[in-house]
1. Would you mind telling me which numbered condition in (1) within 13 Å of chain B (Cβ to nearest Cβ); (2) in contact (Cβ under 8 Å) with a residue 24 or more places away in the chain A:Ala85 fails?
2. Report yes if B:Phe165 is assigned to a helix (DSSP H, G or I) and within 14 Å of another protein chain (Cβ to nearest Cβ), otherwise no.
3. Mind listing whichever residues of the range B:12-25 are touching a helix residue (DSSP H, G or I) at 6+ places or on another chain (Cβ under 9 Å) and not acidic (Asp, Glu)?
4. For B:Met200, work out the one condition from (1) in a helix (DSSP H, G or I); (2) away from chain A (no Cβ under 11 Å) it doesn't fulfil.
5. Out of (1) under 14 Å from B:Ser137 (Cβ atoms); (2) buried (at least 22 other Cβ atoms within 10 Å of the Cβ), the odd one out for B:Leu163 is which?
6. State all residues of the range A:109-128 that are within 12 Å of chain B (Cβ to nearest Cβ) and not hydrophobic (A, V, I, L, M, F, W, C); if no residue qualifies, say none.
7. Just need a number here: residues in the range A:129-139 that are within 18 Å of A:Val57 (Cβ to Cβ) and facing another protein chain (nearest Cβ under 9 Å).
8. Run A:Ser74 past the list (1) at pLDDT 90 or above; (2) within 24 Å of B:Ser144 (Cα to Cα) and report the number of the one that doesn't hold.
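The values are calculated or read from the model by the stated rules, or taken from the named source; none is laboratory data. Owing to the predicted nature of the structure, the values given are computational and were not obtained by experimental measurement. FYI the Cβ positions are ideal-geometry reconstructions off the backbone, even for glycines, and counts take in every protein chain you see.
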Amino acid sequence: MIKWWKILAALLILYTLVWGMLAPVPKLNILYETIRNLFYHVPIWFAMLFMMGYSVVFAIIHLAKNNLRSDIVSNQAAQVGLFFALPGLLTGCMWAKFTWGTWWTFEDPKLNGVAIAVLIYLAYFILRSSIDDEQKRARIAAVYNIFAFVMMFVFIMILPRLTDSLHPGNGGNPAFGKYDLDNGMRMVFYPAVIGWVLLSLWILDVKKRLAILTHKKNEE
Amino acid sequence: MNTQLLSQLIKKEFLLEFRQKSTLAGILVYIVATVFISALCFKKVIQPAVWNALFWVIFMFITVNVSSKSFMQETKGKGLYNYLYYNARTFILSKIIYNMLLMAVLSLLTFFFYSWFVGSMVQDFGMFLLALLFSSSAFSGVLSLMSAIASKANNNISLMAILSFPVLMPLLLVSVKLSKHAIDGLAWSVSYKYLLILIMLNIVVVALATLLFNYLWKE
């Protein structure tokens, strides 16, 4: 049975993909038409952060209740989050190429933060694969997940506000919301955020069910 | 939590370290050798930014090496004994405090040898030392927990590096920034916020480690 929010996710993403290309946007220096990337790049990052937050919440639930199901959810959410990092990076690189003139720069704390987030989650999967006992694996992975998420959060959320960054809203650059995000763009941006977050939940739902079934089959 | 037990545990760590002098001597040789190698490689062409980066890379490898063994000596029987007699919070705090003290001394030694062989470029010593002490304590906090995790996952040394490098990165970048300010002799009003972040990170790291270790400990 397909639930209503899955249809909503598909419709919202379809709408933002099409209307994001057609909607009238403010003509700004340097940005020009690349401002449309706001409808794709930013919502994808929101979906990734949402999935990683989801993973941490289930890691905490696992430590509190010691229930293997929440560990499975936590693991799958981390995988979906890492998967969303890929389109986020690709759209970001393209945007950077056409506005800052380079695919990648080490000057920007957000870019570094993303690189480190990817490394952290790769380390998380390596840690998981190196422990055989599933109870032990669940507990230790949850501990690492929580600790690493807090450090990553510090990196992505707090450091960029203190140092110079090329991203809008940091280091003296005006945030998009202040001047440029007019009502026409809001009508695409907010649905896009909801759509991508719902899509990430949908992918997670499918992966979670598969993982739980596999787990049950292995137990028999 | 019992402070008496805590001081006993820290004392035990020191006793173990001094009875087994070979590991401590090994670390000292490691420090001198890496610093000497970098001095030979760089000779006279070194610039402040390079000096700083090199110092922190050496520092990071030394801390990872020193802290990685803090849980490796815990055998299964010892672990059971500790589990029965101490609570998790006291135990991890003793490890963290011991590592902090050890690392404070070792980081000063590293700085000493580094300034001796490669040459010192620091203009504001007070700030540099503060950066060094606070970052070595935060590093010890992170690495004590990572060492505990790695020891539960079959004591894999490469796992220790894989787990801790990305988590150390925010800390390392703040330290590099702060110490660069100290090298350039910038005013305290410019750099105090980095010092504050470093202190805040210390608090976050120690709080998280003490909270989470409880769950690692149960077998």
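1. (1)
2. Numbers: assigned to a helix (DSSP H, G or I): yes; within 14 Å of another protein chain (Cβ to nearest Cβ): yes.
Yes; evaluated as a whole, the condition is true for this residue.
3. Initial filter on the range B:12-25 (touching a helix residue (DSSP H, G or I) at 6+ places or on another chain (Cβ under 9 Å)): B:12-14, B:17-18, B:23-24.
Those that are touching a helix residue (DSSP H, G or I) at 6+ places or on another chain (Cβ under 9 Å) and not acidic (Asp, Glu): B:Lys12, B:Phe14, B:Phe18, B:Thr23, B:Leu24.
4. Of the numbered conditions (1) in a helix (DSSP H, G or I); (2) away from chain A (no Cβ under 11 Å), the odd one out for B:Met200 is (2).
5. (1)
6. First, the residues of the range A:109-128 that are within 12 Å of chain B (Cβ to nearest Cβ): A:109, A:112-128.
Hits for the range A:109-128 are A:Pro109, A:Asn112, A:Gly113, A:Tyr121, A:Tyr124, A:Arg128.
7. At the first step, the residues of the range A:129-139 found to be within 18 Å of A:Val57 (Cβ to Cβ) are A:138-139.
Checking which are facing another protein chain (nearest Cβ under 9 Å) leaves us with A:139.
Of the residues in the range A:129-139, 1 are within 18 Å of A:Val57 (Cβ to Cβ) and facing another protein chain (nearest Cβ under 9 Å).
8. (2)
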